[in-house]
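Below is one structure; the comments refer to it alone.
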Amino acid sequence: MKILLSHKLSMPVKGITLMVIAVGLIAVMNMFGKLTTDYHDPIEKVFYRGLIALALVMVIIAVRRDWGVLKTKRPFGQLARGLVGTGGLSLVFWAYSLMPMTEVTALMFTGGFMTLLVSPFLLGERVGLYRWAAVIVGFLGAIIIAQPNSAYFNAYGVFASLSAAFVGGAMIAVFLRSLGKTDSAYTTVFYFLLIGIISTAPYMILYGSWLQEQAMIPMVGMGLAGGVSLLIKTQAYRYAEASLLSPVMYTGIVWAVLFDYMIWHQLPSLTITFGAGIIIFANVFILWREQVKKSKIERDAYE
């Protein structure tokens, strides 16, 4: 990683490069998770993924001798974030088990719209007319992808994808904004994984199954990719602002299309492509409006 990100690169370029890698690893994690669909249910995947990823994180913490990251100033906040994140990850794995990766990935881009929907109530942020219009346009793109009036409509898959977008996009964004003011990123990653393991353990004891031999390699791949992506993603935010990194998330659609084609021999239809394009355009427009608003505030303050 140090070779890839030499001191000659600017801080924003380092952040963007790291985020590109993180998004690719998240896609790899979801791909491996989809491969284990015939052997393990979503909650089992969350449990095993957490075990493997936490083991990796603990090794890194031990090598760094940075045991201070295990202390948190917000135990109840970390608990809430861990429980909500675990539920969100379960929904993600459920969605990918029901629909092609490209469709799920595109529908989950609506998480940015859902963040705007809840931000006035939970964060007290004001959302202007232009951004509300972009949210409406973005959800129209989601309807195009879902195709509710066609024979291809997958009600459970659409529900799981949109629910995952709400939990993983809107709710987690609120928690991370709050926790980031007091705890380090490594602290939040550690407790997210730990709480995920603890909260799914009762289900594993009562209903879960041992790791199947056929699923062992993809499950290990899922855990390692998930753990490394969390660490790289948190590091990316140290180098670049969220406004620069958010558009990079849309590179996930490229990985989704690639995996769908290479592994499941599926290509997105023109309808899916069109709907995904609308969602991405609406998200980019929202980011642009936020930058315009931020620049105006800074200019007014300077004057």
Task: Test: Met114 is under 23 Å from Val228 (Cα atoms), of a type in the set (A, V, I, L, M), in contact (Cβ under 8 Å) with a residue 24 or more places away in the chain and touching a helix residue (DSSP H, G or I) at 6+ places or on another chain (Cβ under 9 Å) - done: no
TODO: May I ask you to list pairs of residues, at least six apart or on different chains, whose Cβ atoms are under 7 Å apart, with the first in region 242-262 being in contact (Cβ under 8 Å) with a residue 24 or more places away in the chain and surrounded by fewer than 18 Cβ atoms within 10 Å (Cβ to Cβ) and the second being assigned to a helix (DSSP H, G or I) and of a type in the set (Ser, Thr, Tyr)?
DONE: none
Task: The lone exception for Phe47 - which of (1) at pLDDT 95 or above; (2) under 27 Å from Leu258 (Cβ atoms) it fails - done: (2)
Open item on the list: Among the residues in region 103-110, are any within 20 Å of the chain's Cα centre (by Cα), under 30 Å from Ile217 (Cβ atoms) and part of a loop (DSSP other than H, G, I, E, B)?
Closed with: yes
Task: Within region 61-78, tally of residues that are surrounded by 14 or more Cβ atoms within 10 Å (Cβ to Cβ) and either within 30 Å of Ile263 (Cβ to Cβ) or of a type in the set (D, E, K, R) (or both) - done: 1
- [ ] Can you run down the residue pairs with Cβ atoms below 7 Å, 6 or more apart or on separate chains, where the first is in region 201-228 and closer than 18 Å to Phe190 by Cα and in contact (Cβ under 8 Å) with a residue 40 or more places away in the chain and the partner is small (Gly, Ala, Ser) and surrounded by 12 or more Cβ atoms within 10 Å (Cβ to Cβ)?
- [x] Met222/Gly33; Gly223/Ala53; Gly226/Ala53; Gly227/Ala53
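To keep it simple, each residue is scored yes or no on (1) in contact with a Gly (Cβ under 9 Å, 6 or more places away or on another chain); (2) part of a loop (DSSP other than H, G, I, E, B); (3) at pLDDT below 95; (4) surrounded by fewer than 24 Cβ atoms within 10 Å (Cβ to Cβ).
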position	(1), (2), (3), (4)
Ala80	no, no, yes, yes
Ala95	yes, no, no, no
Phe113	yes, no, yes, no
Leu116	no, no, yes, yes
Ser119	no, no, yes, yes
Glu125	no, yes, yes, yes
Ile136	no, no, yes, yes
Phe139	no, no, yes, yes
Open item on the list: Any residue in region 21-49 that is of a type in the set (A, V, I, L, M, F, W, C) sitting within a Cβ distance under 9 Å of a residue that is surrounded by fewer than 21 Cβ atoms within 10 Å (Cβ to Cβ) and outside any helix (DSSP H, G or I)? List the pairs, counting only those 6 or more apart or interchain.
Closed with: Ile21/Met1; Ile21/Leu4; Ile43/Tyr207; Ile43/Gly208; Phe47/Gly208
Open item on the list: I'd like the residue in region 275-303 that is within 22 Å of the chain's Cα centre (by Cα) and among the aromatic types (Phe, Trp, Tyr) and, out of all such residues, is modelled with the lowest pLDDT.
Closed with: Trp288
Open item on the list: When you scan region 172-183, do you find a residue that is in contact (Cβ under 8 Å) with a residue 60 or more places away in the chain, out of contact with any strand residue (DSSP E or B) (no Cβ under 7 Å at 6 or more places or on another chain) and either surrounded by fewer than 16 Cβ atoms within 10 Å (Cβ to Cβ) or farther than 20 Å from Gly111 by Cα (or both), even just one?
Closed with: yes
Task: Pairs, first in contact (Cβ under 8 Å) with a residue 40 or more places away in the chain and closer than 21 Å to Val92 by Cβ in region 143-166, second surrounded by 21 or more Cβ atoms within 10 Å (Cβ to Cβ) and of a type in the set (S, T, N, Q), C-beta under 7 Å, six or more apart - done: Leu162/Thr110; Ala165/Thr110
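Condition first: part of a loop (DSSP other than H, G, I, E, B) and either more than 17 Å from the chain's Cα centre (by Cα) or at pLDDT 95 or above (or both). Now tell me which residues in region 175-232 satisfy that.
Within region 175-232, Lys181, Thr182, Asp183, Ser184, Tyr207, Gly208, Ser209, Trp210, Leu211, Gln212 qualify.
The values are calculated or read from the model by the stated rules, or taken from the named source; none is laboratory data. Every value quoted in this text rests on a predicted model; they were computed, and no experiment measured them. Don't worry about glycine lacking a Cβ; one is built from the backbone with ideal geometry, like all the others, and counts go over all protein chains shown.
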